[in-house]
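What follows is a short report on a single structure.
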Amino acid sequence: MTSLYEAAIPPVRRALVNLGAILDKAAAHFQAEGVAEADWLGARLAPDMFSLIRQVQSASDAARFLASRLSGGTAPSMADEEKSVAELRDRIDRTIAYLDSLAPAAIDGREAEPVVVTLPKAEIRFTGASYLRDFGLPNFFFHIVTAYGILRHRGAPIGKLDYLGPLDMVRFE
């Protein structure tokens, strides 16, 4: 059986690493095409959706809040001031550093602990396990895949394997 930590932190960390690599690949492509960074960082899939910058910020927020809610700790604060790929990469790196600072013991065994998510118009109560399954991971991956979709829509040469990142495959004899 997978522990709560193993179900939460490694997949979130991996997706953030992959998001950083996707941003780097997109940046190289758009620079070669002469597209201003602000143009594609401000792109969105629909007028009422967040821009690419806000999707990356939201993925960072979702990762930090997931980890802090599961551990019972406090997520480090990050102002939403990024305007460049370099600043977004720094935010991703700081988020990964926070995830790396959490020991498995800080999360494991907290499956039944209460987790409360306060939204502008509602308060949602979960257990640690139901929060991870029903809100934490789906919310995080929504922002990761939306960032990917914006970049694909704008013509970045990225594909599913960029989204998945390097695979740790096991070879069976």
Original post:
So what is the 222 nm mean residue ellipticity for the chain from helices alone, if each DSSP H run of at least 4 adds -39500 (n - 2.57) and you divide by all residues, rounding to the nearest 500 deg cm²/dmol?
Top reply: -18500 deg cm²/dmol
Subject >> the stretch 105-173-the stretch 14-40 distance, computed between alpha-carbon centres (Å) >> reply: 21
Original post:
List the GluC sites (Glu not before Pro) in the stretch 56-163 that DSSP assigns to loop (not H, G, I, E or B) and whose Cβ has at most 15 other Cβ atoms within 10 Å. Which are they?
Top reply: Glu81
Subject >> Additional length obtainable on full extension of the chain from Ala105 to Ala28, 0.36 nm per residue less Cα span >> reply: 23.7 nm
Original post:
Rounded if a/c is under 1.5, else prolate if a/b is larger than b/c, else oblate: which is the stretch 59-134, with a ≥ b ≥ c the root eigenvalues of its Cα gyration tensor?
Top reply: oblate
Original post:
Within the stretch 118-166, which trypsin sites (Lys or Arg not before Pro) sit in a loop by DSSP and count at most 14 neighbouring Cβ atoms inside 10 Å?
Top reply: Lys121
**OP:** Could you order His29, His143 by accessible surface area, starting with the largest, using a probe radius of 1.4 Å?
**Re:** His29, His143
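The values are calculated or read from the model by the stated rules, or taken from the named source; none is laboratory data. Nothing here was measured: the structure is a model prediction, and the numbers come from that model. Don't worry about glycine lacking a Cβ; one is built from the backbone with ideal geometry, like all the others, and counts go over all protein chains shown. For the accessible areas, the whole protein counts, side chains as well, though only heavy atoms, and no ligand, DNA or RNA atoms are used. Shrake-Rupley method; radii C 1.70, N 1.55, O 1.52, S 1.80 Å.
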